[in-house]
Amino acid sequence: MTLLRYFQTAASALGGGLFLTLFVVFILQVTARFGLNKPLPWTDEAAVVLYVWVILWSAATIVPEREHVVFDLLWNRAGKRTRQAMRVAGNLMVGGLAAVAVPATWDYVHFMRRESTPVLGISFMWVFMPFVILMAALVARSAWAIWGTLRGQGLGTELQLS
């Protein structure tokens, strides 16, 4: 198993574990509130924190580039050289903006360590940490996509709904 495949498997396992935990907390919340008529205050907060983690972690590490939102009207009509320029320009914009934003994002998340969630007492630094991971992943993915584009990869595929 290659190192990249190992990290993909680990990221998927963590994402699946986070989602499973969110599902269990949600079932507990519904059962306690409506079945036992004794709501558990911590389940609301845990569900929100887990939701943030599931969405941002998955977007950063699990969801492949082809599954993200794309604008394919121009792409499908463009030739190979135009597609290459479009892909490099798009990834330079996304990756460049994310790279510029990483330090400020980290500063904010690190600043939020002073505050914590009201019920569970989780530091907001840990609540918002996946946003830093997402920004760093955008930089890395964009750089990797530019590298692949310059080598001629990923330019021949038509983007379409399947």
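Take the alpha-carbon centre of region 1-46, take the same for region 58-133, and report the distance between them in whole Å. When both Cα centres are located, 23 Å separates them. Evaluated with a Cβ-only charge set (Lys, Arg +1; Asp, Glu -1), the chain carries a dipole of roughly 500 debye about its Cα centre, given to the nearest 20. Take every Cα pair under 8 Å whose residues are at least 6 apart in sequence, average their separation, divide by the length of the chain, and the relative contact order is 27 percent. Listed by number, the DSSP H helices of the chain that run 18 Å or longer by alpha-carbon position along their axis and have mean Kyte hydropathy of at least 1.6 are 124-150. Rolled with a 1.4 Å probe across the full set of protein chains, the surface gives Arg33 an accessible area near 90 Å². Heavy-atom surface analysis with a 1.4 Å probe gives the chain a carbon and sulfur content of 70 percent of its accessible area.
Taking amide hydrogens as placed 1.01 Å from N in the peptide plane, the amide H of Ser116 sits under 5 Å from those of Phe124, each at least 5 positions away in sequence or on another chain.
The values are calculated or read from the model by the stated rules, or taken from the named source; none is laboratory data. Here the structure is a predicted model, which means the values were calculated and not measured. With ideal geometry, Cβ positions are generated from the backbone for all residues, glycine too; neighbour counts draw on all protein chains shown. These accessible areas exclude ligands, DNA and RNA; they are computed on the full protein's heavy atoms, side chains included. Shrake-Rupley method; radii C 1.70, N 1.55, O 1.52, S 1.80 Å.
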